[in-house]
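Report on the structure given below.
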Ligand code: DHB
Ligand code: FE
């Protein structure tokens, strides 16, 4: 009757998920009434948030597993707030932001090298981040569409310098059924401040990752409650500097923060 072609891989994975969950229910003597309560709870969730959060609990281990043992900068989850085809910046690079964008001005310096340390020229960096209130443009009405999202290109030295503001830690959910559930099981939904990046360069594997800031209050406090442990390799030092020459080039105040990171890309 159906003309749909059976997908054997999807069938195998589905069956194995059911096989993995069933013993958990049986070992805990879950009653039918409890199972129905669980189902009713799932039906209450706002679907995108549910899908977003739950994919994330699995996205971390899936990404770790996909790239384990490989050299180069560690991959990290993309998260739910990527928007394709952001504006392409012209030099000097400055993220799209409001004239009075709140937050500490930040100069982010990226370098791109191969696994032997040789500079990669022309890498494209897609950068997106929360603002100083911990929310993302296009998902929160406070910020203009496209705010703090852009793509830019490395120079002949394999470098990108871009002006932005320092993102703030982010609470993934503030209220509602998921919030209640997370707190009912003694978890929390804070994420340390971070930059999101996807890098593409000719002859190299694309890399999606996140960078964190040493000294961040969530990073050094309660830790990431959504994705899991943040490995040291993705944590940047941040310096506060006074530099009026750089400042005037990039439209920053003389006093600003600088964070640097060298990305080691894997050959395709
Ligand atoms: C979530 C939010 C993020 O900004 C992120 O990078 C990863 C996950 C979340 O809401 O689950
Ligand atoms: Fe994020």
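Of the residues 89, 47, 106, the one that moves most in a GNM of the chain with alpha-carbon contacts below 10 Å is 47. Computed over the range 166-268, the convex hull of the alpha-carbon atoms projects to a mean area of 9.1 nm². Normalised by 2.2 N^0.38 Å, with N the number of residues, the alpha-carbon radius of gyration of the chain equals 1.15.
Take the Cβ atoms of residue 157 and residue 33, set R0 to 51 Å, and the FRET efficiency comes out at 0.20. Pull out a ≥ b ≥ c, the square roots of the eigenvalues of the alpha-carbon gyration tensor of the range 19-130, then state rounded if a/c is under 1.5, prolate if not and a/b is larger than b/c, and oblate in the remaining case. Verdict is oblate for the range 19-130.
Comparing 241, 173, 24 in a Gaussian network model of the chain where C-alpha atoms under 10 Å apart are linked, the largest mean-square fluctuation is found at 24. Exposure proxy ranking for 82, 187, 67, based on other Cβ atoms within 10 angstrom of each Cβ and starting from the fewest, stands as 187, 82, 67.
Structure remark: mean-square fluctuation, Gaussian network model of the chain, C-alpha springs under 10 Å; the largest value among 59, 101, 34 belongs to 34. Distance between the 7 Å Cα→Cβ label points at residue 184 and residue 260: 5.0 nm. Per residue, the average separation of C-alpha pairs within less than 8 Å and at least 6 apart gives the chain a relative contact order of 21 percent. Kirkwood radius for the range 80-232, taken over all pairs of different Cα atoms as the inverse mean of 1/r, rounds to 16.7 Å. Per the Kirkwood formula applied to alpha carbons, the range 106-173 shows a radius of gyration over Rh ratio, Rg over Rh, of 1.08.
None of the figures in this text is laboratory data; all of them are computed from the coordinates on show. This one's a predicted model, so the numbers in the text were calculated from it and none came from an experiment. Glycine gets a Cβ as well: all are built from the backbone with ideal geometry, and neighbour counts include every protein chain shown.
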